[in-house]
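Written out below as structure tokens is the structure these notes cover.
The values are calculated or read from the model by the stated rules, or taken from the named source; none is laboratory data. Computed from a predicted structure; not experimentally measured. Counting neighbours? That spans all protein chains shown, and the Cβs are built from the backbone with ideal geometry, glycine included. Only protein heavy atoms, including side chains, enter the accessible area calculation; ligands, DNA and RNA are left aside. Shrake-Rupley method; radii C 1.70, N 1.55, O 1.52, S 1.80 Å.
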Amino acid sequence: MTDAATLLRQKLVRNMDEVKLVRQQRAPLYDTMCGGVTEAMVARKLGAGFDILAPGKRSCPYHYHLAQEEMFVILQGAGTLRVAGELLPVRAGDVVVIPPGPEYPHQFINSSEAPMHYLSISTQEQPEVCYYPDSGKLGAFA
């Protein structure tokens, strides 16, 4: 590749094998490895993360966004989507969409005995407010 092509690739293309994963753990419920797929890339309105959810654990607290819309692509494994007060099975190949607003609070639970891998894709709306129905807390991000 030319130098220009190499620079262009760095701005536009990322291989998930190159994503640095960081463990986010809060015992006893939460344990996930995650990393930003689109960090340092040129996307302005979309962001993506790669998550590996440990067996028997939850991805994050049950929540909904007031601004961001999300999409999740289950790449490997299986689990449960807790959404709008219901529990829905999910598995590799499933695509989940969650619009902003209180109608669809959501959370992934790995109800299997193997890691669950998925992409988290979202609009990068700022400022953002998240509401956590289980605790009654709010999170504000700008």
**OP:** Could you list, in sequence order, all residues of region 38-56 that are of a type outside the set (D, E, K, R), open to solvent by 80 Å² or more (accessible area, probe 1.4 Å) and either part of a strand (DSSP E or B) or within 30 Å of residue 28 (Cα to Cα) (or both)?
**Re:** 46
Original post:
Quick one: what pairs do we get from region 123-141, first residue exposed (fewer than 10 other Cβ atoms within 10 Å of the Cβ), second of a type in the set (Asp, Glu), C-beta under 8 Å, 6+ apart or different chains?
Top reply: 140/128
**OP:** Have a look at 95, 22 and point out the one that is in contact with a Cys (Cβ under 7 Å, 6 or more places away or on another chain) and open to solvent by 30 Å² or more (accessible area, probe 1.4 Å).
**Re:** 22
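For region 79-89, which positions are open to solvent by 70 Å² or more (accessible area, probe 1.4 Å) and closer than 23 Å to residue 26 by Cα?
Hit for region 79-89 is 87, nothing else.
A quick yes/no check of all residues on (1) small (Gly, Ala, Ser); (2) in contact with a strand residue (DSSP E or B) (Cβ under 9 Å, 6 or more places away or on another chain); (3) in a loop (DSSP other than H, G, I, E, B):
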residue: 96; (1), (2), (3): no, yes, no
residue: 104; (1), (2), (3): no, yes, yes
residue: 111; (1), (2), (3): yes, yes, yes
residue: 118; (1), (2), (3): no, yes, no
residue: 122; (1), (2), (3): yes, yes, no
residue: 126; (1), (2), (3): no, yes, yes
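Any idea which residue in region 60-78 is least open to solvent (accessible area, probe 1.4 Å), counting only those that are closer than 14 Å to residue 114 by Cα and under 13 Å from the mean Cα position of the chain (by Cα)?
In the first step, residues of region 60-78 are kept if they are closer than 14 Å to residue 114 by Cα; the result is 74-78.
With the extra rule that they be under 13 Å from the mean Cα position of the chain (by Cα), the set shrinks to 74-75.
Numbers: 74: 3, 75: 72 Å².
Ranking the candidates gives 74 first.
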**OP:** Identify, from the list 44, 9, 23, the residue that is touching a residue at least 60 places away in the same chain (Cβ under 8 Å) and farther than 18 Å from residue 75 by Cβ.
**Re:** 44
